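Below is one structure; the comments refer to it alone.
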Amino acid sequence: INKDWLKENRISFPPINIDNFYIYGSHINKKCPAYKIPIKIDASFAFGTGSHETTESCLNALTYLSKIYNPRSVLDYGCGTGILGIASKKIFKNNKITFVDIDSNALKLTKINLKFNNITSRGIVLSKSNAIKNFNKKNNYDLVFANILFGPLKNLAPRFKSVLKRNSFIILSGLLSNQISNIINRYRMFGFKLKKKIIINGWGTVIMKRHF
């Protein structure tokens with residue numbers, strides 16, 4: 001039987017409540033509760049609907065940071081659907097966001113999701129990660145999200161140090177809980193200090209602060 005898998009995928013994506021966020025698919029017409037921050041996502045072909053533990057813990061990390069911090073410039077590295085950058089734009093209204101992914105489909109989807117959420121392209125940069133000049137600006141960001149994988153996260157430590165301002169934060173995710181101490185030690189070598197750890201069902205996210 002030839003199923004329409006994209007349609008199936010959308011149907012099987014029910015609304016999700018994470019902290020103050022109400023995340024729902026483009027196929028859902030139900031109104032968002034008034035006290036929630038709505039994020040409308042077309043989740044057809046990229047990672048990041050909020051249903052995975054790593055996305056959930058990144059949003060938890062964002063909620064936690066938003067109480068103590070207001071970043072002006074944000075990098076969503078490995079953006080997938082763009083959910084993390086979009087969430088931060090909803091909280092920190094005036095920030096500039098750069099979305100980066102190796103997959104051009106992910107960037108197309110991020111563009112669609114920005115429109116769904118009425119986020120104008122002013123102050124938004126979309127870039128493939130091999131176009132380094134578009135996002136690799138020294139001391140440019142106050143907050144970096146990287147919800148990718150352990151291997152690339154290890155390799156990217158020096159680059160993330162270079163693009164983050166001092167005393168700024170990075171949220172690293174896509175980690176199994178047994179990989180966390182390794183990542184913390186790796187980033188410590190580049191002047192980062194652990195601020196908070198979030199673990200959900202064996203998946204982990206860390207918030208680290210660049211001290212030097």
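Observations, loosely collected:
- Secondary structure note: in the range 13-165, about 15% of the DSSP beta bridges are antiparallel.
- Taking all Cα pairs closer than 8 Å and separated by 6 or more residues, the relative contact order of the chain comes to 17 percent.
- Accessible-area order (highest first, 1.4 angstrom probe) of the listed residues M208, M189: M189, M208
- Reachable lysines from K108, criterion Cα separation under 26 angstrom, eight or more residues apart if same chain: K3, K7, K30, K31, K40, K89, K90, K93, K96, K128, K133, K137
- Highest-first packing order for the peptide set 88-96, 136-144 is 136-144, 88-96, based on the mean count of other beta carbon atoms within 10 Å.
- Solvent-accessible area assigned to carbon and sulfur over the chain amounts to 51 percent, based on a 1.4 Å probe.
- Candidate values [x] 12.6; [y] 20.5; [z] 12.0, label of the one derived for mean projected area of the Cα convex hull in nm²: [z]
- Restricting the calculation to Cα atoms, every distinct pair contributes to the Kirkwood radius of the range 60-143, found to be 12.8 Å.
- Hz values of 3J(HN,Hα) by residue in the range 27-35 - Karplus curve (6.51, -1.76, 1.60), Gly and Pro given as x: 8, 9, 9, 4, 6, 6, x, 4, 8
- Rounded to the nearest 20 debye, dipole of the chain from Cβ charges on Lys, Arg, Asp, Glu: 960 debye
- Rg/Rg_ref, the range 132-212, where Rg_ref = 2.2 N^0.38 Å and atoms are Cα: 1.01
- Solvent-accessible area of Y22, all protein chains in place: 10 Å² (probe radius 1.4 Å, heavy atoms, ligands and nucleic acids excluded).
- Förster radius 30 Å - calculated FRET efficiency between K93 and K154, Cβ distance, rounded to 0.05: 0.35
- The figure for C79 is an accessible area of roughly 10 square angstrom, using a 1.4 Å probe on the protein chains alone.
- Accessible solvent surface per residue of the chain, calculated while the other protein chains remain in place, 1.4 angstrom probe, Å²: 49 Å²
The values are calculated or read from the model by the stated rules, or taken from the named source; none is laboratory data. Nothing here was measured: the structure is a model prediction, and the numbers come from that model. Cβ: placed from backbone, ideal geometry, glycine included. Neighbour counts: every protein chain shown. Surface areas here come from the heavy atoms of the whole protein model, side chains and all, with no ligands, DNA or RNA. Shrake-Rupley method; radii C 1.70, N 1.55, O 1.52, S 1.80 Å.
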